[in-house]
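Note sheet for the following structure.
What follows is calculated from the coordinates using simple rules that are stated; it is not laboratory data. Since the structure is predicted, the reported quantities are computational estimates derived from the model, not experimental observations. Don't worry about glycine lacking a Cβ; one is built from the backbone with ideal geometry, like all the others, and counts go over all protein chains shown.
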Amino acid sequence: SNKKLAIAIDGPAAAGKSTVAKIVAKKLGYVYIDTGAMYRTLTYSVLQHKIDISKSKAVVQHLEEISIDINAQQEVFLNSKNVTEAIRSDAVTQNVSAIASIADVRSIMVQRQQILAKNRAVVMDGRDIGTHVIPDAEIKIFLIASVSERAKRRHEENEKKGFLSNLEQIKNDIKQRDKMDSERKVSPLKKAEDAIEIDTTSMSIQEVAEKILAFVNTN
Ligand code: CDP
Ligand code: CDP
């Protein structure tokens, strides 16, 4: 069909959301929007400016002063500076959930994300897409996998890039982040009631993408 659909993909860290979302978007000719990159970019900028992350007001004010842009090649820009690699650092990963738990940060981010999704066919991934950002998305997917499998995937990804990587540390970081993301007061990580849960622990990337595409075709 030619119907313009919105596809929301949520789930815990390193479940394969962005990898699969990119494949699905490419296949359908939809725009892919990585909302995690937006929270990561804010976090990177806050760390660069040495803003105390416990001072919510200062963080929110900083967000209002910066521009965050993502191009069609998934390159991320902070005030026109390319920060695509920088936002994946351990420091950003370890601080992003605290910043993403600030209510006013979330309301600004959600508003920006809703503008990006308006009147377009999109595949958007994050933690609250099906529950808050696009609650009327036609297709909602909740991707999960065991913590060990997710840590192993991130570890292998790091090693492939030639980065120093410690499996135990990755596992602990993932657990910590999932806990903070699931327990925060404002739009926590949670499966939407009408989302389809896919456990990808023993699935390949291609299998997950095909499963999602099958739902799109029968919608
Ligand atoms: O790719 P990875 O699982 O490492 O995380 P991400 O998607 O880049 O998201 C980084 C962090 O941003 C998450 O751990 C959340 O704290 C936050 N986030 C969020 O709160 N809401 C979203 N829609 C997307 C990300
Ligand atoms: O976006 P999210 O944090 O949920 O995960 P990701 O960055 O897309 O995936 C994390 C890693 O797992 C990537 O290196 C993927 O290639 C890999 N992956 C996998 O091995 N098998 C899957 N079924 C899905 C992802």
#### Entry: Exceeding the 19 Å Cα-Cα cut-off - candidates Lys26/Lys175; Lys27/Lys140; Lys160/Lys211; Lys57/Lys191
Lys26/Lys175; Lys160/Lys211; Lys57/Lys191
## Note on the structure
Both in Å, the radius of gyration and Dmax of the C-alpha trace of the chain are 16.6, 50
### Task
List the relative contact order of the chain as a percent without decimals, with contacts defined as Cα pairs under 8 Å and 6+ residues apart.
34 percent
### Query
Looking only at Gly11, Gly29, Gly162, which one moves most when the chain is put into a Gaussian network model with springs between Cα atoms under 10 Å?
Gly162
### Query
Asp52 to Asn71: extension gain in nm, 0.36 nm per residue of separation minus the Cα-Cα distance?
3.9 nm
### Query
Gaussian network model of the chain, Cα springs within a sub-10 Å range: biggest mean-square fluctuation belongs to which of Asp52, Asp181, Asp194?
Asp52
### Query
Taking the Cα centre of segment 78-154 as origin and charging only Cβ (+1 Lys, Arg; -1 Asp, Glu), how large is the dipole, in debye to the nearest 20?
180 debye
### Residue among Ile141, Ile68, Ile129 with the largest mean-square fluctuation in a Gaussian network model of the chain, springs linking Cα atoms under 10 Å
Ile68
### Query
Where a Cα-Cα gap under 17 Å defines reach, which aspartates and glutamates qualify for Lys55, not counting those fewer than 8 residues away within the same chain?
Glu64, Glu65, Asp104
### Message
Need the C-alpha centroid separation for segment 16-50 versus segment 153-208, integer Å.
### Response
14 Å
